[in-house]
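The values are calculated or read from the model by the stated rules, or taken from the named source; none is laboratory data. Please read all numbers here as calculations on a predicted model, not as lab measurements. Note that we place each Cβ from the backbone using ideal geometry, even for glycine, and neighbour counts take in every protein chain shown. Just so you know, the surface numbers come from the protein's heavy atoms only, side chains and all, with ligands and any DNA or RNA stripped out. Shrake-Rupley method; radii C 1.70, N 1.55, O 1.52, S 1.80 Å.
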Amino acid sequence: MNRLSKESSPYLRQHQNNPVDWHPWGPEALALAKKLDKPIFLSIGYSACHWCHVMAAESFSDPEMARLMNELFVCIKVDREERPDIDEIYMGALHAMGQRGGWPLSAWLTPDGQPFYGGTYFPLDDRGQSPGFRRVCTSLANAWKDQREDVLKGAKSLSDHLEKSLAPTLQAGEPTAALLDKIVPQARERFDPEYGGFAYPPNRAPKFPHSAELQVLLRLPSEEAHSMAVTTLHGMRRGGMHDQLGGGFHRYSTDRKWLVPHFEKMLYDNALLVPCYLEGARQANEPKFAEVARTTLDYMLRELQAPLGGFWSSLDAQSEGVEGKFFVWQFEEVQKLLGEDTALVAKTFGISKAGNWEHNNVLWLADETAASTDEQQQALAKARATLFAARDTRIKPGTDDKVLASWNGLTLTALADGYRVLGDERYLQAAQRCGAFLLDHLVVDGRVWRSWQGGKARHQGYLEDYVAVAGGLLSVFEADGDPKWLAAAHALLLQTAQHFRAEDGSFYFTADDHEQLLARTKSVTEGATPSGNALAALAFLRGGLLLGDEKLYEIGVATMRACHEVLDKGPSSAPSMMLAVQFHLGSPKEIVIAGDPSDARTQALLEAAWRRFPQAGVVAMVHDGNRAELLKMSSVYQGKLPVDGVPAAYVCERGTCQAPITDPASLAKSLETKK
């Protein structure tokens, strides 16, 4: 075993038996490179990454290739999910070189960490237009030996560029309604009118979920925006990217029709899609969307929640070394299991003898009307259960069992929203367990740690960890009214402002006492997950309202001001920040429900407020059991009492309150969005 055997990351431990002399990122490896005067080969990936596994099998497991790597370089392995700061810098270098990003990320660095060449997956030897990894390594080692001055000059120039581009100085501006006007035209350019989703023609693939962009569109007073979002939500739920048997979503669709996914399942995708489908269910009055949210939450509870309450990171794309093997079907296998119901199931899920992907069948909703009678629907439900049970006996994809703070923060919000909209107590209980786990194991002495695995927290937390957890705790507080969640979120927001805030009002990705890398990045645009700045803006806005703290609220507004230039040029590149803008521009309310939680009248008022989409503001519950603690934290809860013993709702805007409301229908009407 190499040094990676001692690491907490399952991805790093997957490489512990490679003949490559891998080092984890750290001062020891960097010092060794300087001592030996060798370049660094940096390989960045993650556990569920298919092409990471392919390159590991082809190159990193090959004894001769490993001997060459060990001879020419100091080799460092990084889990991008544990160290997104490193990944962001060297992915930025890849883009600056004109390369297409992706994983595995392969980069060659000078001994002091400056990049001079990079790429993604390399085959072991030349293949078509792709240069072989063996040849690339040899060529770069020769360049380091024979053209050192040119290599160092290029690396210095690239590093200087990264330092400026990854922490840009932006033109500030006010978040106004004018920012919203560009959303629909930019979405229209990429929208696939036939199948939904956002990808440029002519191929319109691959397609990713774009959860935040869909929510932005749902919240616009535009029929076109609403239609784009609803069409996409239907396209995703019907496709093979949606696990038709087990619930939840795979990472993305490789084709235009949402049929064939890249089969890994990520916690963050599912956590982000749940609120999106719940909002779609309310806005479009579509029960099928609510069912997708329900089965996705059930999948998360069944497959990803750890015994202590946190949620694991992902399921691999592969099982038994074959991508998608766990999820696909042969026609004969289905026929053997289902007998006379095969025809109905085959018609519903598009199953054929020829298959629809590599002679196998990816299940998708090919014909939702096939089961038209009650009897057929019962037969279909029974058949689905039979197929799911049979699939469950297969060798399952590997699970990345590390718990990441930021992804669990997003999960808290998904669970709390699921409880508030669907009314299932299991989701609230799971949120409470997860919140307790995060506070017990990943918040230490007031500071957040990034990752937990095997009983140990690792790596200093990043901006997204602090604000995703804070935002998630606020969501749980809105669901159960327990003051401990509000107090914990407040403490994290104060830590965020102290350690991450930039001079222009935005936030750095790393804390002021973090390890110094090539650049201290400050990102507004986003990829698969919301940017830390977007999560911060919304968490400070919501926290400011729930605590009646104008200073906190203004920190959220200042973040949006600092990011104005990016939002003005391309709101589609920062949709999560646009959600914060929409929230702020909607004149959000503080809605306080005063009444005994066990009283059905209290619950009716809560449901009227909870189920209002788009969100009209924040919702809090005050009663005899929590009033004293809440009053210690904020004056928002002062004087909020039932009216003559009847539970009442107080709708306030930055401290100015309307007369109390005791009728749920009247409350719902008062929260209606003015078009």
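Structure above, values below:
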read-out: Per-peptide average of other Cβ atoms within 10 Å, ordering 553-560, 564-571 highest first; value: 553-560, 564-571
read-out: Cα-based shape type of the stretch 74-158, given that a ≥ b ≥ c are square roots of the gyration tensor eigenvalues and the cut on a/c is 1.5; value: oblate
read-out: Potential extension, LYS34-LYS347 segment - 0.36 nm per residue separation minus Cα distance; value: 106.4 nm
read-out: Ordering of 344-351, 165-172, 534-541 by burial proxy (mean other Cβ atoms within 10 Å per residue, highest first); value: 534-541, 344-351, 165-172
read-out: In degrees, nearest ten, helix 287-299 long axis to first principal axis of the chain (Cα); value: 60 degrees
read-out: 0 to 90° range, to nearest 10: angle between helix 84-96 axis and the chain longest Cα axis; value: 60 degrees
read-out: Alpha-carbon radius of gyration plus Dmax, which is the widest Cα pair, for the stretch 511-646 in Å; value: 18.4, 63
read-out: Residues ALA389 and ALA659, FRET efficiency given R0 of 60 Å [Cβ-Cβ distance, rounded to 0.05]; value: 0.60
read-out: Rg/Rh for the stretch 447-585, where both radii come from Cα atoms and Rh is the Kirkwood radius; value: 0.96
read-out: Length-normalised contact order of the stretch 201-322 in % [C-alpha pairs under 8 Å, at least 6 apart]; value: 25 percent
read-out: Whole-Å distance, taken between Cα centres, linking the stretch 112-159 and the stretch 425-467; value: 39 Å
read-out: C-alpha long axis of helix 374-392 to longest principal axis of the chain, angle in °; value: 40 degrees
read-out: Efficiency of FRET from Cβ geometry, GLU332 and GLU629, R₀ 60 Å, rounded to 0.05; value: 0.45
read-out: With every protein chain in place, the chain: carbon and sulfur % of accessible area (1.4 Å); value: 50 percent
read-out: Segments 492-498, 451-457 sorted - mean Cβ within 10 Å per residue, highest first; value: 492-498, 451-457
read-out: Potential extension, GLU368-ARG135 segment - 0.36 nm per residue separation minus Cα distance; value: 78.7 nm
read-out: Cα-based shape type of the stretch 382-446, given that a ≥ b ≥ c are square roots of the gyration tensor eigenvalues and the cut on a/c is 1.5; value: oblate
read-out: For the stretch 564-586 versus the stretch 392-416, the gap between their alpha-carbon centres in whole angstrom; value: 28 Å
read-out: Stokes-Einstein D (µm²/s) once Rh is taken as the Kirkwood radius of the stretch 224-308 over alpha-carbon pairs, at 10 °C in 1.306 mPa s; value: 122 µm²/s
read-out: Whole-number percent relative contact order across the stretch 615-675, with pairs defined as alpha carbons under 8 Å at least 6 apart; value: 24 percent
read-out: Hypothetical label at LYS182: residues of the stretch 505-542 whose amide nitrogen lies under 14 Å (7 Å Cα-Cβ projection); value: 525
read-out: Prolate/oblate/rounded call for the chain, Cα gyration tensor, a/c under 1.5 rounded; value: oblate
